[in-house]
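The values are calculated or read from the model by the stated rules, or taken from the named source; none is laboratory data. Note that the structure is predicted; figures quoted are calculated from it, not measured. With ideal geometry, Cβ positions are generated from the backbone for all residues, glycine too; neighbour counts draw on all protein chains shown. We work out accessible area using only protein heavy atoms, side chains counted, and drop any ligands, DNA or RNA first. Shrake-Rupley method; radii C 1.70, N 1.55, O 1.52, S 1.80 Å.
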Amino acid sequence: MELSLFNRKSDYVWEIAPQGGMHVPAVIFASRELIKAMDDKVYQQVTNVARLPGIVKASYAMPDAHWGYGFPIGGVAAFDPDEGGVVSAGGVGFDISCGVRCLHTGLTFEDLKPLQTRLADTLYRRIPAGLGSTGQLRLSEKEMDSMLAGGAAWAVQRGYGHPEDLERIEERGQMRGGKTSAVSAQAKKRQRDEMGTLGSGNHYLEVQRVAEVFDQAVAKAYEVRENDIVVSIHCGSRGLGHQIGTEFLKEMAVAAKSYAISLPDRELACAPINSEIGQRYLGAMRAAINCALANRQILTQLAREAFGEVFSEAKMPLLYDVSHNTCKVEEHEVDGKRRQLFVHRKGATRAFGPGHPDLPAALMGAGQPVLIGGSMGTSSYILAGTASGMEQAFGSACHGAGRAMSRHEAMKKWSGRQVVDDLAARGILIRSPSMRGIAEEAPGAYKDVSEVVDAAERAGLASKVARLEPLVCVKG
């Protein structure tokens, strides 16, 4: 994008003044280099979001922003229902509550290295991955409804994990307000066999070494030490979330005129928060959040069992679990007043600062862990939410590296076998049922995650705590 399109507020904050029907400014958090590398559609989409009814303060894009459906991926926007604010299925995305969970293992790199190959094979055997992958569970209609209402708490009750896990999960593992009646029969059908599966695309389970610690005090609160082995799980609500997104986008697009909503882009289909469609979507979306939380909880138990098979001494308590495709009701201060807002984060991570009441007591002094996944074969990061981030973008940060090219382009440039061999030569073991999927997710298809994280920190959205290096990756 051209820098002349923006008013530079600082080296890492770029603003587009309201114009052409924008109710609020648009703001992109990025370095000069990241801004220039972003495609022009990010500019169009972040300004289009600023035209939606009831938007508050600004339309934001994170440093990893790239083109998405309606909202840019990396987009954040908050809406006030008392000012005609809307909820947008495109502002949440298709993979509802896709997120990252990080587990301690109690192991060090020296413990892992001699058994790295055996662990990779064991995890691949135990963790269902890939397009259309199915798990060990087949849910009845009654159990499906219980899962959609109960989230990770439902999974724990059925033996997948421990009650103490719930304290370290966003919403304590259970999103209130999920309405199973708002979830279609087709969405439930698609999910019946997919619980406890990674799926495809950029989803993965990765074994990582803590390679570098930046903030010793926060790292101590997080119980993260250099050379520790951790496990990150990145996945979401699978077919159920995609079906909900597809259905409500169509319904909202048709209904927009009846609500006198003029859409700058049909992909921004939305409905007033207080409308019948808006409330029905929120109920279905919250149920999908519970689906994603339950899915990651089941995968956690499968990972623990795999580690137990290889390392009988492995202990795997949860550091944190946070989503990056949601719409949540949150209280934020705007113009000196506390307001209840519906905060959309699409490809953006919640990043609450120190002292926030939604954080577990053990983490409240340090701020929320913000889990940033890199591209395959590159570093990931643990960040911490900050007070300045709460003021700037409703307590939000980036969620990953962000794509630099399409999957189709990546397929033309790399072969899956080439990527696997190159990473193996670097000591990183990849296990996947799809060589095509590996090519699509080649490291070079993404931005440099270190640049993205650096921009987020310098913009004041979150602070760096630790850098993680991959050792084993199971992906679809």
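Miscellaneous remarks
- Other-chain or far-sequence residues with amide H under 5 Å of Ala58's (modelled H): Ala78
- For the chain, complete DSSP H runs whose alpha carbons reach 18 Å or more along their own long axis and whose mean Kyte-Doolittle score is -0.5 or higher are 141-157, 238-255, 276-310.
- Sites listed here are GluC sites (Glu not before Pro) in the range 288-363 whose DSSP assignment is loop and whose Cβ has at most 10 other Cβ atoms within 10 Å: Glu313.
- Carbon-plus-sulfur accessible fraction, the chain (probe radius 1.4 Å, protein heavy atoms only): 48%.
- For Cys398, the residues whose modelled amide H falls within less than 5 Å of its own, excluding neighbours fewer than 5 places apart on the same chain, are Thr349.
- Taken about its Cα centre, the chain carries a charge dipole of about 1000 debye when Lys and Arg each add +1 at the Cβ and Asp and Glu each add -1 at the Cβ.
- Length-normalised contact order of the range 235-385 in % [C-alpha pairs under 8 Å, at least 6 apart]: 14
- Nearby aspartates and glutamates by direct alpha-carbon distance to Lys113 (threshold 13 angstrom, same-chain neighbours under 8 apart not counted): Asp228
- Ignoring aspartates and glutamates fewer than eight residues from Lys9 along the same chain, the ones with Cα atoms less than 17 angstrom from its Cα are Glu33, Glu391, Glu457.
- Local net charge near Ile169, Cβ-Cβ under 9 Å (Lys/Arg +1, Asp/Glu -1): -1
- Packing around the peptides 175-186, 390-401, taken as the average count of other Cβ atoms within 10 Å per residue, puts them in this order, highest first: 390-401, 175-186.
- Each principal axis of the Cα cloud of the range 183-340 was taken in turn, and the coordinate range along them, longest first, works out to 60, 47, 22 Å.
- Long-range amide H partners of Tyr446 with built H, under 5 Å: Ala404
- Each principal axis of the Cα atoms in the range 1-94 has its own extent, and those three values, largest first, are 38, 27, 19 angstrom.
- Packing rank of 382-388, 135-141, where each peptide gets the mean count of other beta carbons within 10 Å, highest leading: 382-388, 135-141
- For the range 462-476, the Karplus equation 6.51 cos²θ - 1.76 cosθ + 1.60, evaluated at θ = phi - 60°, returns couplings of 6, 10, 6, 10, 7, 10, 10, 10, x, 10, 9, 9, 9, 9, x Hz by residue, with Gly and Pro reported as x.
- Considering the range 216-269, its Cα convex hull presents a mean projected area of 7.4 nm².
- Rolling a 1.4 Å probe over the heavy atoms of the protein chains gives the range 296-443 an accessible area of 35 Å² per residue.
- Candidate cross-link partners of Lys250 among the lysines, defined by an alpha-carbon separation under 19 Å and a same-chain spacing of 8 or more, comprise Lys188, Lys346.
- Of the peptides 92-98, 153-159, 48-54, the order by per-residue mean of other Cβ atoms within 10 Å, starting with the highest, comes out as 92-98, 48-54, 153-159.
- Based on the Kirkwood approach, the hydrodynamic radius assigned to the range 364-476 is 15.0 Å, with every pair of different Cα atoms included.
- Semi-axes of the equivalent ellipsoid for the chain, computed as √(5λ) from the eigenvalues of its C-alpha gyration tensor and ordered from largest down, come to 32, 25, 22 Å.
- Solvent-accessible area per residue in the range 43-118 equals 26 Å², computed with a 1.4 angstrom probe and all protein chains kept.
- For the range 5-65, relative contact order (Cα pairs under 8 Å, six or more residues apart, normalised by length) works out to 34 percent.
- Mean separation of Cα contacts under 8 Å (6+ apart) over length of the chain, as relative contact order %: 22
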